[in-house]
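Encoded as structure tokens, the structure appears first; notes follow it.
The values are calculated or read from the model by the stated rules, or taken from the named source; none is laboratory data. If you're wondering where the values come from, they're calculated on a predicted model, not measured in any experiment. So basically every Cβ, Gly included, is an ideal-geometry build from the backbone, and we count neighbours across all protein chains shown.
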Amino acid sequence: MLNLESQSRQQPPANPKKTGLRKQRRATFIFMATTLMVVWVMLSGRLDAFHLGFGVLCSLLVAYLSTDLFATHFNLINLNLVLLEHVRYLPWLFWQIFLANLHVLKLALSPRMHEKLDPHLVRFHTRLESEYAQTSFAQSITLTPGTITVRVLPDGVFIVHALDEDSGNMPAIRYMEHKVAQTFGEDKS
């Protein structure tokens with residue numbers, strides 16, 4: 001008599017790394033979809049079926065498309081900490097953008113504008129290690145009026161165009177770098 005149980009294929013045990021990554025992706029997906037949906041509801045202010053349904057659809061789609069981006073580089077605990085640090089960083093960045101706007105306005109309205117303008121490139125090496133932190137730093141520089149990140153080289157060298165001497169102030173740029181390092185948990189001081 002044939003023993004069907006012995007002939008059935010036995011599956012090899014699951015790889016713990018793949019299983020862990022799958023759980024991490026699922027948790028990241030759920031966290032992102034929920035967060036996006038909450039933001040959707042807060043920004044839309046509408047609770048009817050159409051807007052909620054569209055919000056769920058968009059939140060699920062964006063979470064699905066971006067889960068691998070976050071799940072492979074951050075675990076869920078680190079992702080939550082980074083998001084909380086962004087809550088502290090963004091008001092500071094908005095204040096810097098406001099101050100830089102006032103500075104550029106003052107330059108633009110000055111009768112001696114041509115004397116004050118000194119466009120130049122500033123080249124420096126960043127202490128930030130991760131691509132996420134470097135990208136956030138480059139975007140923060142570009143968002144601040146009077147400066148534009150021209151290029152970020154693979155070895156961490158930034159080339160920034162500054163409108164005048166005050167805009168290319170290295171202590172201010174280094175302080176912004178420090179704030180970004182705190183946000184991404186790369187602050188060594």
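Does Leu107 qualify as being in contact with a helix residue (DSSP H, G or I) (Cβ under 6 Å, 6 or more places away or on another chain) and farther than 30 Å from Leu84 by Cβ? Here the answer is yes, as Leu107 does meet what is asked.
Check every one of the strands (runs of 3 or more DSSP E) wholly within the stretch 115-189 and list those with 3 or more residues that are in contact (Cβ under 8 Å) with a residue 40 or more places away in the chain and either under 16 Å from the mean Cα position of the chain (by Cα) or not assigned by TED's automatic domain parsing to the domain that holds Ala100 (or both).
Qualifying strands (runs of 3 or more DSSP E): none found.
Scanning the stretch 128-161 for residues that are buried (at least 16 other Cβ atoms within 10 Å of the Cβ) and in contact with a helix residue (DSSP H, G or I) (Cβ under 9 Å, 6 or more places away or on another chain) yields a total of 17. Would you call Val62 out of contact with any Phe, Trp or Tyr (no Cβ under 9 Å at 6 or more places or on another chain), aliphatic (A, V, I, L, M), modelled with pLDDT of 75 or more and under 28 Å from Ala133 (Cβ atoms)? Judged against the criteria, Val62 is a match. Can you say whether Val82 is modelled with pLDDT of 90 or more and either touching a helix residue (DSSP H, G or I) at 6+ places or on another chain (Cβ under 8 Å) or surrounded by 12 or more Cβ atoms within 10 Å (Cβ to Cβ) (or both), as far as the supplied structure shows? The answer is no for Val82.
Of the residues making up the stretch 51-59, at least one is surrounded by 15 or more Cβ atoms within 10 Å (Cβ to Cβ), over 28 Å from Gly185 (Cβ atoms), of a type outside the set (A, V, I, L, M, F, W, C) and at pLDDT 90 or above. Scanning the stretch 97-110 for residues that are outside any helix (DSSP H, G or I), small (Gly, Ala, Ser), modelled with pLDDT of 75 or more and not assigned by TED's automatic domain parsing to the domain that holds Val38 turns up at least one hit.
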